[in-house]
Amino acid sequence: MPYKFKEKDNYDLILAIETSCDETSASVIQGGNDVLSLVISSQIKEHQKYGGVVPEVASRRHMENISIVVLSALEQADKTFEDIDAVAVTKGPGLVGALLVGVSYAKGLALSLNIPFVGVHHIDGHVSSNYLTHNELKPPYLSLVVSGGHSLIAECEDYGRYKILGTTRDDAAGEAFDKGARLMGLPYPGGREIDELAKKGDAEKIDFPRARLKGNQLDFSFSGVKTALRQHIDKISEEEFKENLCDIASSYQEAIVDVLVSNTKEALIKTRYKSLSIAGGVAANSRLRKAMQQMCDSIDVKLYLPELKYCGDNAAMIGAAGHYMLKNEEYGKLDMNAKSYIPLGESKCL
Ligand code: KG4
Ligand code: ZN
């Protein structure tokens, strides 16, 4: 059903909302890349008790937090509801019960203010996090998205338009970090913990496997390295494990990073793109950032890295992606729904 709202030539001030997983986030963003405020309320402490995100708990916390988070984003930006020109919200993929809180809130807000709303693909948001920092980055370019739920190499053909060249056959890169961390007895989510321990370890101490797949060589698989980690831990004594934890973390991380970098290199050579961006929670990994930079330098490719504060889930990246959807008049309709899965590239979230 079409939704009639007060149309404008330019939707300058966007209120963006992200509730796809365990972070309730709101941001006020101007002109597509000027972040006036970003508020992120993390529920991680509560989910840590269970070793992962509990969907029902996540939805309930979003419900409690959303109004407070939005109001504080407005306050920090020194704006009121009446100043906002449009609302951008993550419509998927993610936990449906969590997404529904943001989508319902965004729709209700847009209706009450008589302004448009757009439903943003979460991965388009991650990729767009680079626009917040790098004004010169413009499609087409290649992107590696590595988060808790996704690992993919995609051509960004235009804003919000993607062609996937490689994806994971099993665990996502972030999942490989988190599951590996659990085997090492580290708290959830384990990516940052492994990153920190790895700095003090020897990356070549244990030769964990790097999956070479049949078929699409740009696809990833991380289940083998995880199994190898389990077998290694089972094989050694508790004492040996404690003594070598930094080396184990470092070698495990190196195996994941190695595959991410070599597949991305292959995709760059194949497609001849001279610009690469990386995005998603795992893009915060210090070893990945360094190794990717070295690889890009070696083949004369310009690498765009998101600022650390924009790597994990946040509403500013949703605002950045929403800005281009508004420009393309991809407005949300009144029956817009949250979705656990939306293919990337078909992200016209009408
Ligand atoms: O993008 P994100 O915040 O949420 C999803 O959309 O999934 O990514 C979360 C993932 C988690 O798996 C977390 O362990 C991982 O990002 N992560 C890291 C680091 N910081 C967060 N992985 C490796 N190194 C890090 N420094
Ligand atoms: Zn994410």
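For the residue pairs 214/270; 179/302; 163/274, the alpha carbons lie more than 28 Å apart in 179/302.
Classified by the C-alpha gyration tensor, region 194-350 has a prolate form. Its axis ratio a/c, with a ≥ b ≥ c, is 1.5 or above, and a/b is larger than b/c.
The Cβ shell under 11 Å around residue 190 holds other residues with a net charge of -2, Lys and Arg each +1, Asp and Glu each -1. Ordered by the number of other Cβ atoms lying within 10 Å of each residue's own Cβ, fewest first, 42, 129 fall into the sequence 42, 129. Of the GluC sites (Glu not before Pro) found in region 6-63, those in coil by DSSP whose Cβ has at most 16 other Cβ atoms within 10 Å are 7. Summing +1 for each Lys or Arg and -1 for each Asp or Glu among the other residues whose beta-carbon sits under 14 angstrom from that of residue 98 gives -3.
Peptides 171-182, 328-339, ordered by how many other C-beta atoms sit within 10 Å of their residues on average, highest first, read 171-182, 328-339.
Between the helical axis of 55-77 and the longest alpha-carbon principal axis of the chain there is an angle of about 60 degrees.
Between 149, 102, 319, the GNM of the chain built on Cα springs shorter than 10 angstrom shows 149 fluctuating the most. Take the Kirkwood radius over Cα pairs of the chain, plug it into Stokes-Einstein at 25 °C and 0.890 mPa s, and you get 119 µm²/s for translational diffusion. Each residue in 134, 122, 47 was given a count of other beta-carbon atoms within 10 angstrom of its own, and listing them fewest first yields 134, 47, 122. Exposure proxy shown here: for 74, 15, 95, 144, the number of other Cβ atoms within 10 Å sets the order, fewest to most, as 74, 95, 144, 15.
Values in this text are rule-based calculations from the coordinates and carry no lab data. Fair warning: this is a prediction, and the values are worked out from it, not measured in the lab. For neighbour counting, all protein chains shown are included, and Cβ atoms are generated from backbone atoms with ideal geometry for every residue, glycine included.
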